[in-house]
Amino acid sequence: MEYQTILVEQRERVGLITLNRPKALNALNDALIDELGAALDSFEADDGIGAIVITGSEKAFAAGADISAMAGWDYVDVYKSDFITRNWERVRRARKPIIAAVAGFALGGGCELAMMCDIIIAADTAKFGQPEVKLGILPGAGGTQRLPRAVGKAKAMDLCLTARFMDATEAEKAGLVSRVVPAERVLEEALGAAQAIASYSLPIVMMIKESINRAYESPLSEGLLFERRVFHAAFSLADKREGMAAFLEKRAAKFSHR
Ligand code: HXC
């Protein structure tokens, strides 16, 4: 498929999506989010892909939803089109792990898109923020919900209410990002992590993602029960037999990903 706003490629078992509207600092318009969804559909349907990386440019992961587009919309427009549920939710529904490799600005919808991913790996140049308050709106793609879960109420309030940006060091300390690396290595680091994930059993990787996400949706006792059920199910997989046999035979496992 021909994409206009993103670049899509495959690196071994990893699907790489590069947001590509450089003139607008990767502002996230409808066309881009639709294309991102289409790329995710095709990676998710492909057994040769075990993990996905989403990245932007050196200057911006994404500077937010497209303000030029939003400027012309009123209540009835966003209500009728169901902005943002219609297409943004595709990222959240992904079952394969997604890593965001973030350099430069990740603001507003850009920060929210990164937070929809499963892991954020940041360049030392990364800047995260929810500056919607300055535009007379509020975060609408999970900023007021995922940010406090990631960094706690105090910092989430601070960022959303003052519109200040948080640098990579602060973001790592606060728990928003899992690793910070020099900017020139951020994509390599994310691809390396994605290749490691993609080398493991795909159904197991998906079960881990699903179980960790359950931690956010349920009380501890329900989450533990969910984990136990999935843990028991894992014992039915050929990849479990292979993983344990490989350990005992002191060799690398060769997972079938099935
Ligand atoms: C549309 C944008 C944009 C955006 C930048 N641009 N961000 N266009 N939507 N979100 C465009 C600029 O208009 C400009 O176009 C070009 O990108 C370069 O940007 P500059 O401002 O010249 O760059 P710089 O001075 O380096 O400043 C970078 C910046 C600033 C700090 C990131 O661009 C900025 O504050 N952008 C807006 C950030 C923001 O408010 N994000 C939240 C959006 S609301 P021209 O044509 O002039 O060169 C949101 C709501 C989410 O995300 C709701 C759910 C999805």
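Residue exposure proxy: Arg95, Arg228, ordered by other Cβ atoms within 10 angstrom of their Cβ from fewest to most, comes out as Arg228, Arg95. Fully extending the segment from Leu161 to Glu44 would add 38.5 nm, taking 0.36 nm per residue of separation and subtracting the current Cα-Cα distance.
Using R0 = 25 Å, the C-beta based FRET efficiency linking Ala253 and Arg228 works out to 0.60. The count of lysine pairs in the stretch 6-198 with alpha-carbon distances below 30 Å, taking only pairs 8 or more places apart or on different chains, stands at 23. Remark: the Gln145-Gln4 segment gains 47.7 nm on full extension, using 0.36 nm per residue and subtracting the alpha carbon distance. Applying D = kT/(6 pi eta Rh) to the stretch 6-198, where Rh is the Kirkwood radius over alpha-carbon pairs, T corresponds to 10 °C and eta to 1.306 mPa s, the Stokes-Einstein value obtained is 96 µm²/s. Which angle between 0 and 90 degrees, to the nearest 10, do you get for helix 238-248 versus the longest principal axis of the chain when only C-alpha atoms count? That works out to roughly 70 degrees. When each of Ile121, Ile67 is scored by the number of other beta-carbon atoms lying within 10 Å, the sequence from fewest to most is Ile67, Ile121. Residues whose amide H falls under 5 Å from that of Lys127, counting only those 5 or more places apart or on a different chain, are Gly104, Phe105, Ala106, with hydrogens built in the peptide plane. Rounded to the nearest Å, what's the spacing between the alpha carbon centres of the stretch 21-57 and the stretch 90-134? Just the number, please. The stretch 21-57 and the stretch 90-134 have Cα centres spaced 13 Å from each other. Rounded to whole numbers, the Karplus 3J(HN,Hα) couplings from phi for the stretch 72-82 are x, 9, 10, 4, 5, 5, 6, 5, 5, 7, 6 Hz, using 6.51 cos²θ - 1.76 cosθ + 1.60 with θ = phi - 60°, and x at Gly and Pro. Axis of helix 220-234 versus longest Cα principal axis of the chain: the two differ by about 50°, to the nearest ten degrees. Modelled this way, with points 7 Å down the Cα-to-C-beta line, the labels at Arg95 and Ser68 are 3.9 nm from one another. Calculated mean residue ellipticity, 222 nm, the chain: -14500 deg cm²/dmol, from DSSP H runs (n ≥ 4) at -39500 (n - 2.57) each, averaged per residue and rounded to 500. Distant-in-sequence amide contacts of Ala65, defined by a placed amide H-H separation under 5 Å and a gap of 5 or more residues or a different chain, comprise Leu28, Gly109, Gly110. Neighbour counts of other Cβ atoms within 10 Å put Asp167, Asp74 in the fewest-to-most order Asp74, Asp167.
Readers should treat all values here as calculations from the given coordinates under stated rules, not as data from a laboratory. This one's a predicted model, so the numbers in the text were calculated from it and none came from an experiment. So basically every Cβ, Gly included, is an ideal-geometry build from the backbone, and we count neighbours across all protein chains shown.
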